[in-house]
Amino acid sequence: MLKLDNVTKVYKTGTFGGESLPAVRKVSFEIRPGEVTALIGESGSGKSTLGKMILRLEPVTSGTITYEGTDIARLKGKRLREYYRHVQGVFQDPFSSYNPVFRADRVFATIKRSYFPSVSNAEWHERVETSLKSVGLNPVDVLNKFTHQLSGGQLQRILIARALLLDIKVLVADEIISMIDASTRVDVLNLLSNLKARGLGVLFITHDLSLGNYISERTIILRRGVIVEMGATQKVFDNPQHEYTKMLLTAVPQLHKKWEAGLEPELAAMGVNAQDDGRPGRYSRSSLHPLANMHARKGRREFAEHELAEGLLRTDTYLRTHEEVPPLVEIEDDHFVVESTRVH
Ligand code: ADP
Ligand code: MG
């Protein structure tokens, strides 16, 4: 559906643009219908840059992004608008997507004008209401409100509702969970599962491994703009190969724990059902609980950060000293890791 082939982004930085920063290097992967692909990496690893290139908010420096076989860099005018009918993004800070002097529902009026000019107002109003309800919002709570009168979670859901009106096929969700509170977090995650069931392909960008694992079929681990490991989520999490993936997993110890009975009442209050996580090899939803193993997690994270600060990752050393990106090797079916003889 949406395919990235050797996509590279080099930003020009410095006062006169004399310095270059390779933010994304030779990244290739595919977003498939009915699947969530988790793009995981720490801050600055190039995740948002990838999302922006997919949404044509930044041009690629080299490589190609194709949608249904067409290079998106070539799209103009009507065809670009068609692309946005199918490919949309929701970002970390939903407040920045809205103009504070406009009411939140103005986002719906805008797409009606661009995409559905011939739909009657009554019919449109009905569609907006249906879409809002499908993302768990009560239309009377949000329509006619100004941005500052709504929560971050509500704004994100309005953006998702807006995307749904457009008949989207691909949704880029960039750190959408991080800024919303725990109770709505579960709702938004469930919503993404529903989108996937409707056949959408979702690129779920996060720095949080447990969220990625919870929701995705496929996982991509990005380090300094380079994919160091990717594949079926279960394989990457159960059998991590790259030093960096292992380090990330160490920092989130509760991922490997089974359901913790002690948290059940709190999770029930959050609307999480302990029984419905029947997928074998998946991790318990307790990993989503903000209090779960917080102390253990903090200690391990500090350790992992220390290791990173010490530059112990050979990948980093390699990437600092080499222009080319080492190839990915398929070590088992649908599980790739950056070539291990050169880089760990
Ligand atoms: P992430 O989303 O993983 O935190 P980003 O894609 O935002 O990472 O950034 C990757 C790298 O590119 C960072 O080093 C960041 O500072 C740099 N960067 C991002 N946007 C720009 C820009 N417009 N100009 C120059 N450098 C940028
Ligand atoms: Mg980002």
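Values for this structure:
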{"read-out": "Two-decimal ratio, the range 2-238, of alpha-carbon radius of gyration to 2.2 N^0.38 Å", "value": "1.02"}
{"read-out": "Cα gyration tensor shape for the range 1-84, rounded if a/c is under 1.5, else prolate or oblate", "value": "oblate"}
{"read-out": "Most to least packed among 169-177, 188-196 [average Cβ atoms within 10 Å]", "value": "169-177, 188-196"}
{"read-out": "Candidate lysines for bridging to LYS133, where Cα separation is under 23 Å - those fewer than 8 sequence places away on the same chain excluded", "value": "LYS112, LYS145, LYS169, LYS196"}
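We did not get these values from a lab; they are worked out from the coordinates using the rules stated. Small disclaimer: the values here were computed from a predicted structure and weren't measured. Cβ atoms come from the backbone with ideal geometry, glycine included; neighbour counts cover every protein chain shown.
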